[in-house]
DNA sequence: TAGATTGTTAATCGATTAACAATC
DNA sequence: TAGATTGTTAATCGATTAACAATC
């Protein structure tokens, strides 16, 4: 198999610059599945097996991988470690990414202690908070520093800013991160962050996820009862506390 | 405006059963923007203004809202409180959703203390953990209980299970939740959960988000330097610790 | 009526899926 | 060679977007 692996002679034309967003979003899932397989000592995996481990269809998996290059072997499958490396490289995980966490409340604590950070090429270089009472406290091996140091910390080299402040403080913190040169922000605050077009923001939002689950639970209830309860045409089902919103 | 608001006489035909997934995922964002507007005392908002507050285009906003019904007034805009109520109702937030959190580590703590839970119709009814040392500890006004009580807690009425355990324990916990009758799961553990087709799982994954940011940061670097560094054709840029993976 | 803004249409775009030729 | 599985094609599906008729 080693001898038949395609030589890495791919030209720029052969791999189009743009990997679809939907594919990029799934690469971390494949990476995780491959890591588990590698730990279990599995050397080779078929698209069918890997897809099952990642929770997607095999056609989608093969299509996704085809955007990276031809890293499989027909009739055999994919070499687990080789594919692991190729996806890591594609995601930029073969280099170290320096992260600053702003806001060391419950969530900031959890993030700082999250094991997945260090294991995959992400290094938390500083924890910042506006609360003087927290400053100096040791969290995950780092002393919490003042938000006043944001600019100097970023100047020292930071790639990604994590916003874990209350919503009211988030935009201000984000503005300072961006002004200091940060171009990638992970936002845990429950608000929309306004940034220049060249800054990428990703958002993790607990209540959004819960609300989406609630929507589907509700829909399930309606369907199960054969739409006996017609929320569209019936009187408004008004919950306590929402009465004043109904007309 | 009150008098010109369309009467709620919509028939089943007029609102197709299925609201697109992409739309459902954005409704919580609109809800949040509307809540802020309502707090600021704004009575009416145009699609242009609301879209800006939510960080989307106005055409997309109007298209999304059109799936719920005709809740706006041409030439005027949307009544903030009325639209707030309609979206809340659509998402199922006019009823109370009972949530159990399994795993009271750093993240479980953060989730339990998260204010957004209670404010939007979600009630945490129990915190469960497998660690005896934690049992009885007060977190966010609740005593942590043993994982052994999972089945009895769910039997007492729970709609949504939140998995905040280590990855190794997640599938087992999920199986027990599902066996006990839970059909909506929010998974914070870094693994894929295997569930029956009728169970809905949503996943929140910090390292996935970081990896997506890393991908774009890396791409940015390549683009900025005019592809002087060609990662496709050049020798593999091997980072320490990944050497053994490269061929 | 004139101005403003919605709700809808139709075109475009991107993602998914199944089938299968290529090939190990 | 025969069996297995990839990588790609083409069809389908769903989401986005701009433009504008409807209408307040």
Simple SL model, points at 7 angstrom along Cα→Cβ for residue B:76 and residue A:180; separation in nm is 4.8
Can you give the average number of partner chain beta-carbon atoms within 10 Å of each beta-carbon in peptide A:93-100, as a whole number? 5
Taking the label point 7 Å from Cα along the Cα-Cβ vector, the copy-to-copy distances for residue B:166, listed from shortest in nm with one decimal, are 3.5
Looking down the axis that turns B into A, which residue of B has the closest beta carbon, and how many Å out? B:110, 2
Would you kindly calculate the translational diffusion coefficient of the range B:97-203, applying Stokes-Einstein with the Kirkwood radius from alpha carbon pairs, for 37 °C and a viscosity of 0.692 mPa s, and quote it in µm² s⁻¹ without decimals? 243
Kindly work out what percent of the DSSP beta bridges joining two residues of the range A:97-203 are antiparallel, to the nearest 5. 10
Within 10 Å of the Cβ of an average residue in B:145-156, the count of other chain Cβ atoms is 0
From the Cα centre of the range A:42-96 to that of the range B:122-184, the distance in Å is 35
Ordered by packing density, taken as the mean number of other Cβ atoms within 10 Å over each peptide's residues, highest first, how do A:192-200, A:60-68, B:154-162 rank? B:154-162, A:60-68, A:192-200
Sorted shortest first, the nm distances from the residue A:36 label point (7 Å along Cα→Cβ) to its counterparts in the other copies are 3.8
Between copies, how far apart are the residue B:113 label points? List them in nm, one decimal, shortest first, with each point 7 Å from Cα toward Cβ, please? 1.0
1/(1 + (r/R0)^6) with r = Cβ-Cβ of residue B:202 and residue B:40, R0 = 22 Å, i.e. FRET efficiency to nearest 0.05, evaluates to 0.10
For the range A:32-125, the Cα-Cα pair-distance distribution in 10 Å bins from 0, as whole percents, is 14, 39, 26, 17, 4, 0
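Just so you know, all these numbers are worked out from the coordinates, no wet-lab data involved. Computed from a predicted model, the values in this text were never measured in an experiment. Note that each Cβ is placed from the backbone with ideal geometry, even for glycine, and that neighbours are counted across all protein chains shown.
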